[in-house]
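Written out below as structure tokens is the structure these notes cover.
Read-outs: derived from the displayed coordinates by stated rules, not from any lab. Here the structure is a predicted model, which means the values were calculated and not measured. Cβ placement follows ideal geometry from the backbone for every residue including glycine, while neighbour counts extend to all protein chains displayed.
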Amino acid sequence: MKVKLEHIAAKTGYSIATVSRVLSGKAVGRSASVEKILFAARELGYHANRPFYQLDNLPLVMALVTQHDAEEFYSCLYESFDRVSSLSNIQLSIHSVKYSTNIAEELSMISQLNDGMILLTPTLESKQYKKIKEKMNSFPIVSIAPINENVITTITFDSYQGGQLAAKLLIESGYQRFGIITGPLIKWEANLRRAGYIDYLFKKGFHIEWEYHGDYSFQSGEKAFDDVKQQDKNLGIFASNDQMALGFLHTALEDGSTISGDYGIVGYDNMPYGRIYYPKLSSINTNLDELAESALDYLINRIKNKNVKKIRPTTTLLPVNIVERKTHYYNGQNQ
């Protein structure tokens, strides 16, 4: 049922005219009627335009929009944003536009019911972000996936640094031959992880001898092992996410290979499942709570900032770090 002004009037005891004046931003000051009407509107599902009134105790409504894949990363991401939102008086909604045929239009519709938006849409290109920016006008929005041009403000992890750290660890562990399981190269962060890995190897006088293009799924990690087992062993491998690393690890062990030993492998994301798998997965750690806090803090400040035209897009790279466990050692060395 569509919420109408008369529903809010009935809930609050104020006239429809008063409700209309408050919701259109024409009420004066921070009176009890303004607060009561705005809270009632939110409770009934009617989006009242928050920036008109500086009511600190009125919850902000934020949308987290992704291109959801069936992998552990997304459940961990949602949990972090949900936890941080609950501590910041923010009501969070989650949406996926993975199968949308008109993302800009869908985001515009989502924006009508929210105060701000977090985007994780890594397959989009700059021209699509520009279209979104034009459609959304001055609506507060932040991307948490890297973009190949500075179109909208972006807060994301330093994927390039992650690739470098993986290469550094494998070299220091004693490997002299290297491989990589990339993520889908349609995604900018997959390219950055690959570039960081290859560049660091080249700097140290090495290169990759084997490369498999995966899709971030467990299954593509399994297929990667079927591909690499035709090669010589003693290969240090960087998998661009933990799902593929675990798929590779699982299939290698079933085939009778040893890890670490025949192969060393480093994942990316440091997801919980890699910490309990045997052998425990060495991985690039990304702090999802820090990402959620940074993105939401930006939106809160952006919503409260009235000088919208002065805000220019920036890119903030959050640092990552390596977590050493059991899968990166050379020739089966023990920790």
Margin query: Straight-line reach only, C-alpha to C-alpha below 16 angstrom: list the aspartates and glutamates that Lys98 could link to, leaving out same-chain residues fewer than 8 apart.
Written below: Asp69, Glu71, Glu106, Glu125, Asp215
Notebook entry, point to check: Which whole-angstrom value gives the distance between the alpha carbon centres of segment 227-245 and segment 107-127?
Noted result: 35 Å
Next item on the list: Please give, to one decimal in nm, the separation of the simple spin-label points placed at Glu254 and Asn234, each 7 Å out from Cα toward the Cβ.
Entry: 2.9 nm
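Semi-axes, largest first, in whole Å: what does sqrt of 5 times each Cα gyration tensor eigenvalue give for the chain? Present the calculation step by step, with values, prior to reporting the outcome.
Values: eigenvalues 452, 67, 53 Å².
Equivalent ellipsoid semi-axes, largest first: 48, 18, 16 Å.
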Checklist line | With Cα atoms, 0 to 90° folded angle of helix 72-86 axis to the chain main axis | finding: 40 degrees
Margin query: Nearest 10 degrees is fine. How inclined is helix 159-172 to the longest principal axis of the chain, computing both from alpha carbons?
Written below: 20 degrees
Notebook entry, point to check: Quick one: helix 32-44 against the long Cα principal axis of the chain, what's the angle to the nearest 10°, folded into 0 to 90?
Noted result: 50 degrees
Check: In whole percent, what relative contact order does segment 151-287 give with Cα contacts below 8 Å and a gap of six or more residues?
Finding: 24 percent
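List Met244, Met136, Met62, Met117 from most exposed to least, where exposure is judged by having the fewest other Cβ atoms within 10 Å. Provide the component values of the computation, followed by the final result.
Working: Met244 30, Met136 17, Met62 25, Met117 22.
Taking fewest neighbouring Cβ atoms as first place, the list is Met136, Met117, Met62, Met244.
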Next item on the list: For a footprinting-style exposure proxy, rank Tyr74, Tyr216 by other Cβ within 10 Å, fewest first.
Entry: Tyr74, Tyr216
Next item on the list: Mind checking which lysines have their Cα closer than 24 Å to the Cα of Lys168? Skip sequence neighbours fewer than 8 apart in that chain.
Entry: Lys187, Lys203, Lys204, Lys229, Lys233, Lys280, Lys326
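Over the chain, calculate the relative contact order: mean separation of alpha carbon pairs under 8 Å at least 6 apart, over the residue count, as a percent. Walk me through the numbers before you get to the answer.
Details: 632 pairs, mean separation 53.5, N = 335.
Relative contact order, the chain: 16 percent.
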Margin query: Quick check: residue separation of Thr315 and Ile186 times 0.36 nm, minus the Cα distance between them. What number comes out in nm?
Written below: 44.4 nm
Check: What's the exposure ranking of Ser159, Ser220, Ser96, Ser138, going from fewest to most Cβ atoms within 10 Å?
Finding: Ser138, Ser96, Ser220, Ser159
Item checked: Dipole of the chain, positive end: most advanced residue of Gly267, Pro122, Tyr175 [Cβ charges, Cα centre] -> Pro122
Check: Taking amide H positions as placed 1.01 Å from N in the peptide plane, with prolines and chain starts having none, which residues 5 or more places from Thr154, or on another chain, fall under 5 Å of its amide H?
Finding: Ser143, Thr314, Thr315, Thr316
Margin query: Pairs of alpha-carbon atoms within less than 8 angstrom and 6+ residues apart define the contacts here; what relative contact order does segment 243-291 have, in percent?
Written below: 30 percent
